[in-house]
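Trainee: Below is the structure I would like to discuss, written out as structure tokens.
Coordinate-derived values only; no laboratory data. Being a predicted model, the structure only gives us computed values, none of them experimental. Cβ: placed from backbone, ideal geometry, glycine included. Neighbour counts: every protein chain shown.
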Amino acid sequence: MPSRLKSLTGHQRQLLAAGWELCSTPPGAYDHPDTLRRAPVAWIAARAPSTAAECLPHERLVLGFDGLATVADVWLNGEPLLSSSNMFVAHERPVDERLREANELVIRFQGLDRLLQAKRPRPKWRTPMVENQQLRWFRTTLLGRTPGWSPPAAAVGPWRPVWLETRAHVSLAELRMRTGVRGDAGWLEVECRVVGLGGAQIARVDLSVARDAHTQETQLHPGRAADPDGAHTYAGRLEIPKVVLWWPHTHGEPALYDARLTLHLQGSSEALVAELGHVGFRTLALQTREGDFALHVNGVPIFCRGACWTPLDPVGMTASGDLLRAALGQVRSAGMNMLRIGGMMVYESDEFLDLCDSNGILLWQDFMFANMNYPQEDRAFVASVEQEARQQLARLTGRPCLAVLCGNSEGEQQAAMWGALRDSWASELSHSLLAELAQQCCPEVPYWPSSAHGGSFPHQGNQGTTSYYGVGAYLRPLEDARRAEIRFATECLAFANVPEQRTLAKLPGGLSVRSHQPLWKTRAPRDLGAGWDFDDVRDHYLARLFGLDPVNLRYAEHERYLTLSRVVSGEVMAAVFAEWRRERSSCRGGLIWFWRDLWCGAGWGVIDALGAPKAAFYYLRRVLQPVSVAMSDEGGNGLFVHIVNERADSLGASLEVALYHAGEVAVGVARRPLTIPARRTVELP
């Protein structure tokens, strides 16, 4: 069943989530279920809950694997079913004629440690983020394999559902959806392959879109000739007059419409209904003239602010709907309007994408490539990447939240900083293959080849996009946020943000652990091989902002040290974003490096591993709202007030400024009525 297809009459899916037996075997010791049965160990096996006798003439049984991490072989009843070497590729197999009265499903996952020992060509550059550079040959997540910042739990096993589905009457595949806006009308294009099962003939396929009891409908038209398997390709375009536009929540309502297909069979009075979920209508434009990177939605420039998303469960890689709703509710309440899924993570679930759509949260989507020199000359590797990209683009196309598709995370920057030759910085994968696939499948969505891209060097902040750590790891003063003339920071402001006591109690050793001790430091994020970590970065700004020696403070008043450590990163983040949102700022957006910690400790996230906000979250929540006020010290020019109004209506307000002597005694108050135009930022001296 295509991922955009929510349900189809007569289709029933059963998750194979129980009954599995797990065992660990020596690498390469057993290559078939029969050989394992003779050994004193068990296999990973499950009993399939259906039999061939239950499959009626108009039905088909399909076994599905939505994600196998990473090198896997599957047997059904002792017969090979499939092999997979890409964690991000889903598989379906018909099993009508394979099922028996009793069935055994077996999956073997090979450990990558042994496979990584094979001799392969050396990369053109190294990345210090991972220990084994040959990971570049395997399509798997880097989570669990980056000892500087993620829990040491590499993904192994079925990380997405395994299921058995009964399909009745029809089978629908290769569903493609595109939306757009022309004038005041929206349009939805749908294309799909439909095959009748058990001799069923398709009489007509209708497409409808509904919102607030108003429905628009059109008929899809079949291709001239059926495919060899009897499938017809149906396609059509539906226009919605006076369409209600989808907006990021900071700028308006994320309006959605429900879409469905109705399939009529010859000789049957009952139609089959295929629910396609919701769609939204908006325009996207990316302005890149003279090094700019300005995203426009519905013709309005958007200051994109948010964070780099991390899986809520960094081991299982999945999360319940309730946890996702709570997390995205926090994103929205913080005033953030964009999340980036970085190339070192995993593609998120359909439910996550649905929630981004409904909450009005823009999505910057990397393909899962990060920092490494991938073997683009290997045909099998490239073929696997193409299959992966086509599947993921089919999931993403037509979603209003999708704002940017990006070829990789810091691939060009890593090559440049390692000293690789300039002609190797831009990979064929990102600049050719993925760019072409994105244009084919999602032509309305801007494509960007790498998260740090533009200028003479990929990390040049005033051209294109960059990973900005001037304020942060490079220990630059806060003024650098203006001096660097950042255009768009795809990641920034990484600090070891200290959580509250309840979360620190979950550390090994609990609240007795001190911030200089090894148990604390094992969870302090760092770059491998560096002589510092991100605790040191935070301490640098604690000394700069508060005039205190963090070593003496930690020695004499550890609890006060933790309190000020919680506060200082929030102070820095708020100051930087206030600077970037000024009327005269060159910055069009900034995404904080990590929304949420991967495990308990002082991680990069502004939300801790238990889901509780840290102090920095509350600082950001004040400075990132659609209507916000900030002040800046402009030296001899005095203090300036900066007021942002991103709403669609003008803002009538009264500005009050109060002066205090020594922070305690009021010495004066001034008030001024203001009208801030819609979608404007103003600067008042």
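Trainee: In nm, to one decimal, how far is the modelled label at ASP227 from the one at ARG544, with both set 7 Å along Cα→Cβ?
Mentor: The modelled label-to-label distance comes out at 5.7 nm.
Trainee: Still on this structure, please answer the following. If I take R0 = 51 Å and measure r between the Cβ atoms of ALA505 and ASN132 in this structure, what FRET efficiency does the formula 1/(1 + (r/R0)^6) give, to the nearest 0.05? Intermediate results must be reported in sequence, preceding the final value.
Mentor: Details: r = 34 Å, r/R0 = 0.67.
So, using R0 = 51 Å, E works out to roughly 0.90.
Trainee: OK, next. I need the calculated FRET efficiency for the pair PHE640 and GLU664, taking r as the beta carbon distance and R₀ as 30 Å, to the nearest 0.05.
Mentor: Details: r = 25 Å, r/R0 = 0.82.
Calculated value: 0.75.
Trainee: Eigenvalues of the Cα gyration tensor times 5, then square-rooted: what semi-axes does that give for the stretch 381-475, in whole angstrom, largest first?
Mentor: On the way: eigenvalues 136, 56, 22 Å².
Each semi-axis is √(5λ); the values are 26, 17, 11 Å.
Trainee: If you take every DSSP beta bridge fully contained in the chain, what fraction is antiparallel? Give it as a percent rounded to 5. Intermediate values should be presented prior to the final figure.
Mentor: Numbers: 109 of 135 bridges.
That works out to approximately 80 percent antiparallel.
Trainee: In nm, to one decimal, how far is the modelled label at LEU56 from the one at GLN287, with both set 7 Å along Cα→Cβ?
Mentor: 6.0 nm
Trainee: If you don't mind, there's one more thing I want to ask. What does the C-alpha gyration tensor say about the overall shape of the stretch 284-625? Classify as rounded when a/c is under 1.5, otherwise prolate if a/b is larger than b/c, or oblate.
Mentor: Numbers: a/c = 1.57, a/b = 1.48, b/c = 1.06.
Prolate, since a/c reaches 1.5 and a/b exceeds b/c.
Trainee: Something else: Using only DSSP helix segments of four residues or longer, with each worth -39500 (n - 2.57), what per-residue ellipticity at 222 nm results for the chain after dividing by its residue count and rounding to 500? Can you show the working numbers first?
Mentor: Working: 14 runs with 130 residues, N = 685.
The helix contribution divided over the chain gives -5500 deg cm²/dmol.
Trainee: Would you list the membrane-span-like helices of the chain, meaning whole DSSP H runs whose alpha-carbon atoms span at least 27 Å along their axis and whose mean Kyte-Doolittle value is at least 0.0?
Mentor: Working: long enough: 558-580 (34 Å, 0.30).
Once both thresholds are applied, what remains is 558-580.
Trainee: Using a/c under 1.5 as the rounded threshold, could you call the chain rounded, prolate or oblate? The axes a ≥ b ≥ c are square roots of the C-alpha gyration tensor eigenvalues, and prolate needs a/b larger than b/c, oblate otherwise. Kindly include the intermediate steps, with their values, before the conclusion.
Mentor: Numbers: a/c = 2.04, a/b = 1.36, b/c = 1.50.
In terms of gyration-tensor shape, oblate.
Trainee: Could I have the simple spin-label model distance between ASP378 and LEU15, label points 7 Å from Cα toward Cβ, reported in nm to one decimal?
Mentor: If labels sit at ASP378 and LEU15, their model points lie 3.3 nm apart.
Trainee: While we're on this one: Within the stretch 123-139, which residues have the backbone N less than 17 Å from the label spot 7 Å out from ASP113 along Cα→beta-carbon, could you tell me?
Mentor: Flagged as within label range: 131-135.
Trainee: Near LYS506, which aspartates and glutamates are there with a Cα under 19 Å away, not counting those fewer than 8 places off in the same chain?
Mentor: Correct list for LYS506: ASP313, ASP535, GLU559, ASP597, ASP608.
Trainee: When Rg is the radius of gyration of the Cα atoms in the stretch 231-289 and Rh is its Kirkwood radius, what does Rg/Rh come to?
Mentor: On the way: Rg = 16.9 Å, Rh = 14.9 Å.
Reported Rg/Rh, Kirkwood definition of Rh: 1.14.
Trainee: Which order do peptides 173-184, 671-682 fall in by mean Cβ count within 10 Å, highest first? If you can, show how the numbers build up before the last one.
Mentor: On the way: 173-184: 16.1, 671-682: 13.1.
The peptides rank, most packed first, as 173-184, 671-682.
Trainee: Next question, about the same structure. Please rank TRP187, TRP364, TRP137, fewest neighbouring Cβ atoms within 10 Å first, as an exposure proxy.
Mentor: On the way: TRP187 16, TRP364 27, TRP137 21.
The fewest-first ordering by Cβ neighbours comes to TRP187, TRP137, TRP364.
Trainee: What full-extension length gain, to one decimal in nm, is calculated for LYS521 and LEU323 as 0.36 nm per residue of separation minus the Cα-Cα distance?
Mentor: Details: separation 198, 0.36 × 198 = 71.28 nm, distance 2.84 nm.
Computed gain between LYS521 and LEU323 is 68.4 nm.
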